[in-house]
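S.K.: Can you read through this structure? Questions will come right after.
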Amino acid sequence: MISTPASSERIPRRRLYQEVAARIEALIQKGTYKPGDQLPSERDLMKQFGVGRPAVREALFSLQKMGLVVVSQGDRARVTKPSSEVLLGSLSGAVRQLLSAPDGVRQLQDARLFFEAGLARHAALHATAGDIAALDAALESNRQALGDMAQFERTDVEFHHAIARIARNPIFEAMHQALIGWLTEQRHITLGAPRQQDFAFRAHQQITAAIAAKNADRAERMMRDHLQHVARIYWKQRALEAEATA
């Protein structure tokens, strides 16, 4: 006898706009519509799929969130090439909700630590002479910005981005930029604490030296120590702020 699957295993019915979105996505995947092509008008899509305007509009909005199309006011939707930036950008709302959770910031700090320590190790193993020159230039810009909060923050980000670029993987770069953006408050609070610009610059010097020496273990350890220090200072400053307002 063939057993009947439990109700929890049944495939849920898709809403109408989801079916329309899936069919348009399939046409894009098949090459019927290529990046740069305009999709048919809303009216033509309504006729093609036998649905109303709300279903078409919701489907196009869903495809835009997926990074498959761009919808412009007064113009037909246009197929676009998905990018890692669009993909990660679509997570911003969920990440903001995560950051508001009790352990959200700590979880993102841990994610950054894990990710950037790996990037530093990879950089030490694979950096070319050109990569090292670019990293040295980013470090020098960071040194020149000492004492200028806004400039130091900008060059701090660029230094870490220079390490991410060594991997030559656009997904890694997008992930790095997303994490940096999500932890903007941490960077601002930490670098505003006494002597922390000097501490950050010295950490950047040690990381650069390890990468240039192709010492992967030390590069990973220096990055890990740096980001753990940043996290400690952040929570210390937050505690001081809480005491001041209590």
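The values are calculated or read from the model by the stated rules, or taken from the named source; none is laboratory data. What you are looking at is a predicted structure, and each value in this text was computed from that prediction instead of being measured. Reconstructed Cβ throughout: ideal geometry from the backbone, glycine too, with neighbour counts over all protein chains shown. Just the protein is used for accessible areas: all its heavy atoms, side chains included, with ligands, DNA and RNA removed. Shrake-Rupley method; radii C 1.70, N 1.55, O 1.52, S 1.80 Å.
S.K.: Rank these residues by their accessible area, most exposed first, probe 1.4 Å: 176, 188.
M.R.: These residues rank, largest area first, as 188, 176.
S.K.: May I ask you to give the percent of accessible area on region 131-234 that is carbon plus sulfur, with a probe radius of 1.4 Å?
M.R.: 53 percent
S.K.: For residue 171 and residue 64, compute 0.36 nm times the residue count separating them, minus their Cα-Cα distance, and round to one decimal in nm.
M.R.: Contour length minus the Cα-Cα distance gives 36.6 nm.
S.K.: Please work out the average accessible area per residue across region 11-85, using the 1.4 Å probe convention, and give it in Å².
M.R.: I get 67 Å² per residue for this part.
S.K.: Might you work out the accessible area of residue 221 for me, using a 1.4 Å probe with all protein chains in place, and round it to the nearest 10 Å²?
M.R.: Counting only protein heavy atoms, the figure is 110 Å².
S.K.: Looking at the chain as a GNM with Cα springs under 10 Å, which of 161, 229, 204 has the largest mean-square fluctuation?
M.R.: 229
S.K.: Given labels modelled 7 Å from the Cα in the Cβ direction, how far is it in nm from residue 114 to residue 134?
M.R.: 2.6 nm
S.K.: Would you mind telling me which residue in 223, 46, 66 has the biggest mean-square fluctuation in a Gaussian network model of the chain, where springs connect alpha carbons within a distance under 10 angstrom?
M.R.: 46
S.K.: Mind checking which of 32, 208, 155 has the largest fluctuation in a GNM of the chain, springs on alpha carbons under 10 Å?
M.R.: Comparing 32, 208, 155 in the GNM, the peak value goes to 32.
S.K.: Full extension from residue 158 to residue 18: what is 0.36 nm times the residue separation minus their Cα-Cα distance, to one decimal in nm?
M.R.: Gain on extension, residue 158 to residue 18, equals 46.4 nm.
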